[in-house]
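Read the structure below first, then the notes.
The values are calculated or read from the model by the stated rules, or taken from the named source; none is laboratory data. Quick caveat: nothing in here was measured; it's all calculated off a predicted structure. Glycine gets a Cβ as well: all are built from the backbone with ideal geometry, and neighbour counts include every protein chain shown.
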Amino acid sequence: MNQHCCAEMRYYAESMCDLHPDRFDCAECHIHYDEVLGTYGLIEHSDLGGRIISIDYCPWCGTKLRDASASPNVVWLRPRAEIPQA
Ligand SMILES: [Zn+2]
Ligand SMILES: [Zn+2]
């Protein structure tokens, strides 16, 4: 139960397809919501494992989503195989 700023944001932040249980593997998933930081980012898929580009304002309703200093602007996602086992 996350409180998103608008229905569009909720749709894009929560959408998943049947083929990709990991949203970062899915080219159809464009918005990542970080439940810990409470921040949103654009998912940019690439061969390097992709990255998340933080967004400050909701592209649909214009709500301010974060303080610019509160989180990194870009978070790189490593390829799954390179993530060490905990
Ligand atoms: Zn919104
Ligand atoms: Zn998919």
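Quick check: anything in region 45-53 touching a helix residue (DSSP H, G or I) at 6+ places or on another chain (Cβ under 9 Å), loosely packed, with under 13 Cβ neighbours inside 10 Å and at pLDDT 90 or above?
Taking region 45-53 and keeping what is touching a helix residue (DSSP H, G or I) at 6+ places or on another chain (Cβ under 9 Å), we get 45, 49-50, 52.
Okay, now just the ones that are also loosely packed, with under 13 Cβ neighbours inside 10 Å, so none.
Checked region 45-53: no residue is touching a helix residue (DSSP H, G or I) at 6+ places or on another chain (Cβ under 9 Å), loosely packed, with under 13 Cβ neighbours inside 10 Å and at pLDDT 90 or above.
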request  = From the list Glu82, Glu8, Glu35, pick out the single residue that is modelled with pLDDT of 90 or more and among the acidic types (Asp, Glu).
outcome  = Glu8
message = I need a count of the residues in region 1-46 that are within 14 Å of ligand 1 (Cβ to nearest atom) and in a helix (DSSP H, G or I).
response = 8
inquiry  = When the residues of region 14-25 are narrowed to those that are over 17 Å from Pro59 (Cβ atoms) and surrounded by 13 or more Cβ atoms within 10 Å (Cβ to Cβ), which ends up nearest to ligand 2 (Cβ to nearest atom)?
reply    = His20
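For region 44-54: of the residues being in contact (Cβ under 8 Å) with a residue 24 or more places away in the chain and hydrophobic (A, V, I, L, M, F, W, C), which is farthest from Tyr12 (Cα to Cα)? Break it down stepwise before answering.
Filtering region 44-54 for residues in contact (Cβ under 8 Å) with a residue 24 or more places away in the chain gives 48-52.
Subset that is hydrophobic (A, V, I, L, M, F, W, C): 48, 52.
Numbers: Leu48: 23, Ile52: 14 Å.
So the residue we want is Leu48.
Residue by residue, here is whether (1) without any contact (Cβ under 8 Å) to a residue 12 or more places away in the chain; (2) touching a strand residue (DSSP E or B) at 6+ places or on another chain (Cβ under 7 Å); (3) within 16 Å of ligand 2 (Cβ to nearest atom) holds:
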{"position": "Cys6", "(1), (2), (3)": "no, no, no"}
{"position": "Tyr12", "(1), (2), (3)": "no, yes, yes"}
{"position": "Ala27", "(1), (2), (3)": "no, no, yes"}
{"position": "His32", "(1), (2), (3)": "no, yes, yes"}
{"position": "Gly38", "(1), (2), (3)": "no, no, no"}
